[in-house]
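This report concerns only the one structure given below.
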Amino acid sequence: MDENKEQKEFWNDLKGELWVELQTRIDPMLSVFDQKLLEVLEAQSGERALEIGCGTGTTTLKMSECLGSSGSIHAVDFSRPMISRAQERASEASVDHADFVEADAQEYDYPSGEFDLAYSRFGVMFFQDPVKAFSKIRNAMKPGGRLGYICWADKSKNPWISEPAQVAKEFLELPKPPGEDEPGMFSMCREERIFEILEKAGWSEIKVESFESNNMIGKNAEDAADFISRMGPMSEPFSEADEEQKQKTLEALRTFLKDRETPNGVQMGFGNWVVTAKRL
């Protein structure tokens, strides 16, 4: 039985293709999280790294600069559209010390005791069995190996996604959100659950840090409305809506976002957990 079948189908269909299409817009918005992740991991030249959920390869490329040509990255993702784009970008950047594997990080047979560090930017919230996944990742680490990842905190800490969704639901039938702790964007939003999972998976020296920021989601209200209509819970219903529904949704979003325009674009709040741990 494929435990993660639903997530694989989701990320190999519209969502994966959308992330590839929107990659150049998503990267600047999330760059602060790459910076934070690299900061807490303190990656050193020559180290071997394991990336969980590499997506389109943005964090891979930044990590490759830290590790240098004497280091290496083993990047795993189960979204074919996204990992194909990651491979293209690595080739374009002449990064030859990263290899990419299309696989489910929860089920993948990692080499044992191989890596100095494992990391993920928003790639660990989709495990059907997170204890199993983090146990396998831990076994892939050398003694003393470090884990670092960033995941979303509660919806209330993420008005950039929750507030526009409230506006859009007047015109779109938004999907029912996953139940608490079920795979999805906010499955790791509870701090106590993070500790519980990692402790059961055998990790030590677990630390969870709150990290909040205001990030630009568009140059202006119109640009932000176009972007946000294709992200998060409204992406699929918006793509399937008729033209009248789309126009009403965009008009309402533009009105809502107009008050959030600044000289630096439309700025909204992002809330996350920065998690670190070690294999002793």
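The values are calculated or read from the model by the stated rules, or taken from the named source; none is laboratory data. These numbers were taken from a predicted model, which means no experiment stands behind them. Using ideal geometry, Cβ is built from the backbone for each residue, glycine included, and neighbour counts are taken over all protein chains shown.
Might you check whether a residue that is at pLDDT 95 or above, farther than 26 Å from PHE127 by Cβ and among the hydrophobic types (A, V, I, L, M, F, W, C) occurs anywhere in region 197-212?
No, region 197-212 contains no residue that is at pLDDT 95 or above, farther than 26 Å from PHE127 by Cβ and among the hydrophobic types (A, V, I, L, M, F, W, C).
Kindly list the number of the only condition in (1) touching a Leu at 6+ places or on another chain (Cβ under 8 Å); (2) modelled with pLDDT under 95 that fails for LEU41.
(2) is the only condition that LEU41 fails.
Every residue, every condition in (1) free of Cβ contacts under 8 Å to residues at least 24 places away in the same chain; (2) more than 20 Å from GLY145 (Cα to Cα); (3) of a type in the set (Gly, Ala, Ser); (4) in contact with a Lys or Arg (Cβ under 7 Å, 6 or more places away or on another chain), yes or no:
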site: LYS8; (1), (2), (3), (4): no, yes, no, no
site: LYS15; (1), (2), (3), (4): no, yes, no, no
site: TRP19; (1), (2), (3), (4): no, yes, no, no
site: GLN23; (1), (2), (3), (4): no, yes, no, yes
site: GLY57; (1), (2), (3), (4): no, yes, yes, yes
site: GLN87; (1), (2), (3), (4): no, yes, no, no
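Being touching a Pro at 6+ places or on another chain (Cβ under 8 Å) and of a type in the set (Lys, Arg): is that true of ARG254 here?
no
Could you please let me know if GLY202 is farther than 30 Å from GLU6 by Cα and within 24 Å of the chain's Cα centre (by Cα)?
So GLY202 does not fit the description; no.
Could you please let me know if LEU38 is more than 14 Å from the chain's Cα centre (by Cα) and crowded, with 17+ Cβ neighbours inside 10 Å?
Spelling it out, LEU38 is indeed more than 14 Å from the chain's Cα centre (by Cα) and crowded, with 17+ Cβ neighbours inside 10 Å.
Just to check your reading of the model, which residue among SER229, SER187 is touching a strand residue (DSSP E or B) at 6+ places or on another chain (Cβ under 9 Å) and of a type in the set (S, T, N, Q)? Explain how you work it out, then say what you get.
On the way: SER229 fails: touching a strand residue (DSSP E or B) at 6+ places or on another chain (Cβ under 9 Å).
Being touching a strand residue (DSSP E or B) at 6+ places or on another chain (Cβ under 9 Å) and of a type in the set (S, T, N, Q) holds for just one of SER229, SER187, which is SER187.
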